[in-house]
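A.B. asks: Handing you this structure, nothing more for now.
The values are calculated or read from the model by the stated rules, or taken from the named source; none is laboratory data. All values reported here derive from a predicted model rather than from experimental measurement. Positions of Cβ are generated from backbone atoms using ideal geometry, with glycine treated the same way; all protein chains shown enter the neighbour counts. These area figures cover heavy atoms from the full protein model, side chains too; ligands, DNA and RNA do not enter into them. Shrake-Rupley method; radii C 1.70, N 1.55, O 1.52, S 1.80 Å.
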Amino acid sequence: MKVDIHTHILPSRLPDLKSRYGCAGWINIRPNEQDPNCADMYKDDKFFRRIEKNCWCLPERCCDMGKTNVSAQVLSTVPVMFNYWAKPEHTLDLCHLLNDDMAFQIRENQQNQARLYDLNNSHREQKFFAFGTLPMQKPELAIEEMSRCVNDLGFKGFQIGSHINEWNLDEKKLYPIWKRAEDLNCAIFVHPWDMEHVSRTSKYWLPWLVGMPAETCTAICSILMGNVLAQFPRLKICFAHGGGSFPFTIGRIQHGYDMRPDLCATECSIAPKEFLGKFYTDSLVHSQESLKLLVKVIGEDRIMLGTDYPFPLGELSPGSLIQSSDFNQSIKVFFFSYSNGA
């Protein structure tokens, strides 16, 4: 059984958000005139990304999952849809649209899978779970949406950005969100985003290749040195892309904490290395050397399969890196099971 905790999904269509909210800056999805199996994402009138049918169609995903022996996917929106910059009530409304669409697609798939099983009882069911999205810039609204998604829609957790506008994840205004996550026993999945604020890195796709790992490392350090895990020890938090650059730089981070406590230990008296084994990452690191380091630093029981499906920087053959590793089979099975963090 392979469970992929890091996949992205969008609705097949969105309303005109610029008209709906009375301001620019929103993503819109347009059918591709040449290929009905593709659509184009635009930010206002600027092209952002081309997506294929598997980005909005669960039956299409089921075909891909069957080919690669993936039993279940955890769905989350595309980070460009976070829209933390907007008025909180507008972001909340969009969260409702995205979360409700995800819940509808999952229910519809369950019905389709049941019909397929009735026709052929050897049919292997493909399951989907949901990580919702939240108006993180307004924690009071975010915790209301968390309760709605978990209690009414059956969501398992929430995907959030690596920072919320000018807030890093140690911002005390976010504490109610961590508390609600503990109370609801739901997961938090941190995905890097908004890396283009440093214009010097725009060449060579560096925001995605270098900026994303740095963003994730910054988020982890903020959670650890910001005292968040000490304050909320039951928080189930997972970081995308194998924790970014954190596994390679934990030695430097710890050394800095030891040498300059006046700068690094201002919020938390517990050293960063003491939190190893108390948070999770996905497995998306692209090389055997990186996977071995990840296991050594984060812990074999704190890593779960994640692929970034259906995007090209993801693992195109889900689980192939783990399967081809020299870890024993019991550890590989553990990586493939979402029960690690459930």
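A.B. asks: Checking Asn168 against (1) open to solvent by 50 Å² or more (accessible area, probe 1.4 Å); (2) modelled with pLDDT of 95 or more; (3) farther than 18 Å from Trp85 by Cβ, which test does it fail?
C.D. replies: Here Asn168 clears every test but (3).
A.B. asks: Just checking: which of the helices (runs of 4 or more DSSP H) contained wholly in region 191-284 hold 3 or more residues that are open to solvent by 20 Å² or more (accessible area, probe 1.4 Å)?
C.D. replies: In region 191-284, 212-225, 246-259, 261-264 are the helices (runs of 4 or more DSSP H) which contain 3 or more residues that are open to solvent by 20 Å² or more (accessible area, probe 1.4 Å).
A.B. asks: Given (1) touching a residue at least 40 places away in the same chain (Cβ under 8 Å); (2) under 17 Å from the mean Cα position of the chain (by Cα); (3) crowded, with 16+ Cβ neighbours inside 10 Å, where does Arg302 come up short, assuming only one miss?
C.D. replies: (1)
A.B. asks: Could I ask something else about it? Filter region 108-129 down to the residues that are in contact with a Ser or Thr (Cβ under 9 Å, 6 or more places away or on another chain) and at pLDDT below 70 and list them by number.
C.D. replies: The one that is in contact with a Ser or Thr (Cβ under 9 Å, 6 or more places away or on another chain) and at pLDDT below 70: Arg124.
A.B. asks: Which of the residues belonging to region 22-41 are under 18 Å from His90 (Cβ atoms) and surrounded by 14 or more Cβ atoms within 10 Å (Cβ to Cβ)?
C.D. replies: Across region 22-41, the qualifying residues are Trp26, Ile27, Asn28, Ile29.
A.B. asks: A follow-up question, please. Any residue in region 52-62 that is outside any helix (DSSP H, G or I), modelled with pLDDT of 95 or more, touching a strand residue (DSSP E or B) at 6+ places or on another chain (Cβ under 8 Å) and exposed (fewer than 15 other Cβ atoms within 10 Å of the Cβ)?
C.D. replies: Within region 52-62, none of the residues are outside any helix (DSSP H, G or I), modelled with pLDDT of 95 or more, touching a strand residue (DSSP E or B) at 6+ places or on another chain (Cβ under 8 Å) and exposed (fewer than 15 other Cβ atoms within 10 Å of the Cβ).
A.B. asks: Out of Thr249, Thr201, which single residue is out of contact with any Phe, Trp or Tyr (no Cβ under 9 Å at 6 or more places or on another chain) and under 20 Å from Thr281 (Cα atoms)?
C.D. replies: Going through Thr249, Thr201 in turn, the sole match is Thr249.
A.B. asks: Okay, moving on. Being farther than 20 Å from His241 by Cβ, part of a helix (DSSP H, G or I) and of a type in the set (Gly, Ala, Ser) narrows it down to one of Ala142, Ala130, so name that one.
C.D. replies: Going through Ala142, Ala130 in turn, the sole match is Ala142.
A.B. asks: Here's another thing I want to ask about it. Look through Phe335, Phe311, Phe327 and report the one residue that is aromatic (Phe, Trp, Tyr) and either in contact with a Gly (Cβ under 7 Å, 6 or more places away or on another chain) or in a helix (DSSP H, G or I) (or both).
C.D. replies: Going through Phe335, Phe311, Phe327 in turn, the sole match is Phe335.
A.B. asks: Right, next: Hey, does region 70-87 have a residue that's open to solvent by 10 Å² or more (accessible area, probe 1.4 Å), within 25 Å of Phe239 (Cβ to Cβ) and in a helix (DSSP H, G or I)?
C.D. replies: Within region 70-87, one or more residues are open to solvent by 10 Å² or more (accessible area, probe 1.4 Å), within 25 Å of Phe239 (Cβ to Cβ) and in a helix (DSSP H, G or I).
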